[in-house]
1. Please tell me the relative contact order of segment 178-242 in percent, rounded to the nearest whole number, where contacts are Cα pairs under 8 Å and at least six residues apart.
2. If I build a Gaussian network model for the chain, linking alpha-carbon pairs within less than 10 angstrom, which residue out of 288, 303, 197 has the largest mean-square fluctuation?
3. Hey, could you pull the Cα Rg and Dmax for segment 127-199, both in Å?
4. Report the convex hull volume per residue for segment 150-298, counting only C-alpha atoms, in Å³.
5. What does the convex hull of the alpha-carbon atoms of segment 27-168 project to on average, in nm²?
6. Could you pull the Cα extents of the chain along its three principal axes, largest to smallest, in whole Å?
7. Do any trypsin sites (Lys or Arg not before Pro) in segment 29-134 lie in a DSSP loop with no more than 13 other beta carbon atoms within 10 Å, and if so, which?
Amino acid sequence: MKSMILKTALFALLLTVEICSMSIQQVFSQNTVTPSSEQTTNYTAGGAGAEFAVFDGAYVWIANQFGNNVTKINSSTGSVAGNYEITGNPLGIAYDGRYIWVSRYASDDVVKMDVNNGAVLATVRVNRGPGFLLAKDGHIWVVNRIANTVQKIPVDAATVSATYKVGKKPAMMETDGTNIWVANSKSHSVTRINIASGETATFASGGKGAFGVAFDGTGIWVSNFFSGNIVKFSASGNLIGNYKIGDGVAGMYYAQGYMWIVANGESLVYRVRLSDGSILSSHTVSASPYGLLYDGRKFWVPSSGSGKISVVTPMPADIQTN
């Protein structure tokens, strides 16, 4: 495991950790991890402390929370195309098809940016500690890590239209088209928000430190940072799979027929088979990653510890469907 001092410092904004014994029945996959023959390139992230990135179809945008800036990178060349000052610890970032949205953790707001020149077009006040952002059907969804809420902002308005109470220290979220699923890191749970009705339901996450969320077309997957496992839920919230993966599993992405998972404590991205949770390959990235982005061909993995972003280009053996 990496230095606990570094890991705690980078994770302090998200989690207050309670060390306790685990009593969880799990089906752990038994794997021998084969390093992949992937092609990995590292580019500058243009700042420090990046957790998340977003793709606008041509450029990758990175929120650098400790650099107080947002960087725009050409996805074909890796060169910096723009670097924009955004104070207040920019953390989450999303693209709604027209605008870039950035949460400012220390300022308790979300800013709307022009995708062409990075100009700030609007500022929306939200609850305390805004973090991860998700764009869905003309709305921006915001997790508020301190307030323990999720809020919804219409992209053409400058105000919050709905607020939902979730678990403690919400980390990331994803949609299955009908619901928003939120990983609550401190309460070790997952909250399901029905988009149409606003009705909520909460389920145990099957581990400690729920963090990443992904949808594979049929079920929702959740990573548990501290217990190092991933779980799969049915649409009704039943836990139908539980697999041991690695140290500090965080962001997840479903692509190319597999689940791709960041392991923060190992600086790796794992490729996992959906049917049994088997680890099929590992991909080395830069230090202390949390989120990952897929642009349709490559994975972009921001490094919160190095000021870089790693680009993983899977080889043909890594992109066969199950």
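Just so you know, all these numbers are worked out from the coordinates, no wet-lab data involved. This structure is a prediction, so every number in the text was calculated from the model and none was measured. Here Cβ is always computed from backbone atoms with ideal geometry, including for glycine, and neighbour counts include all displayed protein chains.
1. Taking the mean separation of contacting Cα pairs over the length of segment 178-242, I get 24 percent.
2. Judging by the Gaussian network model, the answer is 197.
3. 11.1, 34
4. Taking the convex hull of the Cα positions in segment 150-298, it is 119 Å³ per residue.
5. Answer in nm², one decimal: 10.8.
6. Largest to smallest, the principal-axis extents are 50, 44, 38 Å.
7. Here the trypsin sites (Lys or Arg not before Pro) that fit, given the DSSP loop and packing criteria, are 98, 128.
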